[in-house]
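K.L.:
Can you keep this structure in mind? I'll have questions shortly.
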Amino acid sequence: MNYSGKNIWITGASSGIGQAVAIELSKKNAHLILSGRNEASLKETADCCEKNGSSVLTVPFDLALEDSVVSAAKIVLSKGITPDCLYHFGGISQRSLAYETPLNVDRKIFEVNFFGTIALTKAILPAMINNGGGHIAVTSSVVGKFGFPYRSAYSASKHALHGFFESLRAESSNKNIRISLIIPGRIQTDISVNAISSDGTTHGKMDEGQAQGMTAEKSAGIIVRKLKKEQKEILVGGKEIIMVYIRRFIPKLYYFLSPKLKPL
Ligand SMILES: NC(=O)c1ccc[n+]([C@@H]2O[C@H](COP(=O)([O-])OP(=O)(O)OC[C@H]3O[C@@H](n4cnc5c(N)ncnc54)[C@H](OP(=O)(O)O)[C@@H]3O)[C@@H](O)[C@H]2O)c1
């Protein structure tokens, strides 16, 4: 993938990994479309990207609201822009026990992480196919590969993304649609601060594990290098990503370790 002159839509561009990836890609002379809810933060990302030489269109939307996502896609397509790349980073985490979490909170997590993400993909895909194809990347998590305490709906929503996007890859590779799944471990962002608690409010704390994670900038460098190669699975993080291999190759060890994992 040569990013120069390409239209790249990045969700979650107002913060954390998505923001750092947008800034990294802005050094490659791309045309960026940036989305998230927080317009002031999106503008900060846009200013930084423009300084690096990329043109930027900000299109705020709420992933939890289908209409908001679909109308954002219409705005972009009506400007004659067809994304060559659609990179999904928008998402929300969870900090609550499954039995204490009401179903409406589980649904909210799925609306943002799963339904919002696939709504945007479905809204853009026909134009991308008509345009000769494109590259779609979706941000899962290591907990999209195994269960983790205090993350029941979050982990489930990330597992769901693997099922959806692997199926999409299988059915549309003949239309030149390439799919990458980004699988971060612990990255130092506000993800735990913004995570949803059992009562629907935000967790509001930087968890110890989060604070010790890889920086968003370093992760963005690794992610962009691997996105450029259109790698199908992009694992990024510190030693915690070893658990993906333990779950796959030594499941008994994972079953032993999983109740002992530190969730906060
Ligand atoms: N940090 C980690 O350790 C880690 C690990 C594994 C996976 N991930 C995944 O990486 C992705 C990026 O997270 P991050 O770590 O960068 O966290 P972050 O700093 O909290 O960023 C989350 C991004 O998602 C956007 N977002 C959240 N809810 C949204 C909504 N309803 N509508 C539209 N946009 C929404 C936020 O924008 P607004 O607030 O402006 O809407 C923000 O730009 C997420 O999918 C997350 O699940 C992160």
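K.L.:
Which residue fluctuates most in the GNM of the chain (Cα springs below 10 Å): ALA211, ALA153, ALA64?
P.N.:
ALA211
K.L.:
Using every alpha carbon pair in the chain, what percent of pairs falls into each 10 Å bin from 0 up to the bin containing the largest distance?
P.N.:
Per 10 Å bin, starting at 0, the Cα pair percentages come out as 7, 31, 38, 19, 4, 0.
K.L.:
Now, a different point. Taking only complete DSSP H runs, can you tell me which helices of the chain stretch 20 Å or more along their own long axis by Cα positions and average at least -0.5 on the Kyte-Doolittle scale?
P.N.:
Taking the DSSP H segments of the chain (at least 20 Å long, mean hydropathy at least -0.5), we get 116-130, 152-172.
K.L.:
Using a 10 angstrom cutoff on alpha carbons, build the Gaussian network for the chain and name the most mobile of GLY90, GLY18, GLY237.
P.N.:
For the chain, modelled as a Gaussian network with Cα springs under 10 Å, the answer is GLY237.
K.L.:
Now, a different point. Taking 8 Å as the Cα distance limit and 6 or more residues as the minimum spacing, I'd like the relative contact order of the chain as a percentage.
P.N.:
It rounds to 19 percent for the chain.
K.L.:
Over the chain, give the accessible area per residue in Å² for a 1.4 Å probe, as an integer.
P.N.:
45
K.L.:
Then there's this: Which percent of the accessible heavy-atom area of segment 7-260 goes to carbon and sulfur, probe 1.4 angstrom?
P.N.:
Carbon and sulfur: 53 percent of the exposed surface of segment 7-260.
K.L.:
Near GLY209, within a Cβ-to-Cβ distance under 9 Å, what is the net charge of the other residues, with Lys and Arg +1 and Asp and Glu -1?
P.N.:
-1
K.L.:
At a probe size of 1.4 Å, how large is the accessible area of SER78, to the nearest 10 Å²?
P.N.:
100
K.L.:
Determine the order of VAL70, VAL76 by accessible area, beginning with the largest, at a probe radius of 1.4 Å.
P.N.:
Reading off the accessible areas and sorting them downward yields VAL70, VAL76.
K.L.:
Still on this structure: So what's the back-of-envelope 222 nm ellipticity for the chain, counting only DSSP H runs of four-plus at -39500 (n - 2.57) apiece and dividing by all residues, rounded to 500?
P.N.:
Rounded to the nearest 500, it is -13000 deg cm²/dmol.
K.L.:
Explain nothing, just the number: relative contact order of segment 2-92, from Cα pairs under 8 Å at least 6 residues apart, as a whole percent.
P.N.:
Taking the mean separation of contacting Cα pairs over the length of segment 2-92, I get 35 percent.
K.L.:
Suppose accessible area is computed on protein heavy atoms with a 1.4 Å probe; arrange TYR150, TYR99 from highest to lowest.
P.N.:
Largest accessible area first, the list is TYR99, TYR150.
K.L.:
Relative to the Cα centre, what is the charge dipole magnitude of the chain, using +1 at the beta carbon of each Lys and Arg, -1 at the beta carbon of each Asp and Glu, and rounding to the nearest 20 debye?
P.N.:
Using only the charged Cβ atoms, the result is roughly 940 debye.
K.L.:
Which value results when the Cα radius of gyration for segment 86-238 is divided by 2.2 N^0.38 Å?
P.N.:
Working it through for segment 86-238, the quotient is 1.06.
K.L.:
Accessible surface of LYS43 in the full protein assembly, 1.4 angstrom probe, to the nearest 10 Å²?
P.N.:
Answer for LYS43: close to 120 Å² accessible.
K.L.:
How do CYS48, CYS85 rank by accessible surface area computed with a 1.4 Å probe, from largest to smallest?
P.N.:
Output order, biggest surface exposure first: CYS48, CYS85.
The values are calculated or read from the model by the stated rules, or taken from the named source; none is laboratory data. Everything quoted here is computed from the prediction, not taken from an experiment. Note that each Cβ is placed from the backbone with ideal geometry, even for glycine, and that neighbours are counted across all protein chains shown. Remember, those area values only see protein heavy atoms, side chains included, never the ligands or the DNA or RNA. Shrake-Rupley method; radii C 1.70, N 1.55, O 1.52, S 1.80 Å.
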